[in-house]
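Undergrad: Dropping a structure here in structure tokens format, bear with me for questions.
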Amino acid sequence: MISRYYIAKNLQDVDALIQACKSTGYCSFDYETNAEPLYTNRFTPTLLSITFQPGSSVCIPLDHFERDKYTDGFSWKEAIKRIGRQVFQNSNITKMAWNLKFDDQINRLYGVS
């Protein structure tokens, strides 16, 4: 299977992703981090990948060292909050995650239940 990915460059791309998840009713997601312990001042999420259909994903650069190269500098914390409110907290969307307990802890760290 050919796999394709898109890097979200701005909040408009994030909003389009949210609409795609709402339209299909699916969201599979995974956070990448800087590998520091979760509840320390050094911890930070670096990337959030989401797919709403097989064979594709949208990568959202969060606190990643190369984010300025790929984005317009949008607020990554705002992106997490938008996705959280409109997708993760939406009971009409089926969510899947590779490591849900850990990903949920990251969401809660940024105010998403």
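Undergrad: I need the full set of residues from the stretch 77-91 which are assigned to a helix (DSSP H, G or I) and open to solvent by 10 Å² or more (accessible area, probe 1.4 Å), in order please.
TA: Lys77, Glu78, Lys81, Arg82, Arg85, Gln86, Phe88
Undergrad: Just to be sure, is Glu78 in contact (Cβ under 8 Å) with a residue 40 or more places away in the chain and among the acidic types (Asp, Glu)?
TA: When the stated conditions are applied, Glu78 passes them.
Undergrad: Sort through Arg67, Arg108 and tell me the only one that's without any contact (Cβ under 8 Å) to a residue 12 or more places away in the chain and closer than 19 Å to Tyr5 by Cβ.
TA: One residue alone meets the criteria, Arg67.
Undergrad: Name the one entry in Leu17, Leu11 that is in contact with a Phe, Trp or Tyr (Cβ under 7 Å, 6 or more places away or on another chain) and of a type in the set (A, V, I, L, M).
TA: From the options Leu17, Leu11, the qualifying one is Leu11.
Undergrad: Can you name the residue in the stretch 67-76 that is in a loop (DSSP other than H, G, I, E, B) and modelled with pLDDT of 95 or more and is also most open to solvent (accessible area, probe 1.4 Å) among such residues?
TA: Going through the qualifying residues, I end up with Asp72.
Undergrad: Is there a residue being open to solvent by less than 90 Å² (accessible area, probe 1.4 Å) and over 17 Å from Asp104 (Cα atoms) anywhere in the stretch 26-47?
TA: no
Undergrad: Ok, one more. Considering each residue of the stretch 1-25, count those that are touching a residue at least 12 places away in the same chain (Cβ under 8 Å) and open to solvent by 90 Å² or more (accessible area, probe 1.4 Å), and give that number.
TA: Adding up the residues that qualify gives 7.
The values are calculated or read from the model by the stated rules, or taken from the named source; none is laboratory data. Keep in mind that this is a model prediction, so the values were computed, not measured. Please note: Cβ atoms are built from the backbone with ideal geometry, for glycine as well, and neighbour counts cover all protein chains shown. For the accessible areas, the whole protein counts, side chains as well, though only heavy atoms, and no ligand, DNA or RNA atoms are used. Shrake-Rupley method; radii C 1.70, N 1.55, O 1.52, S 1.80 Å.
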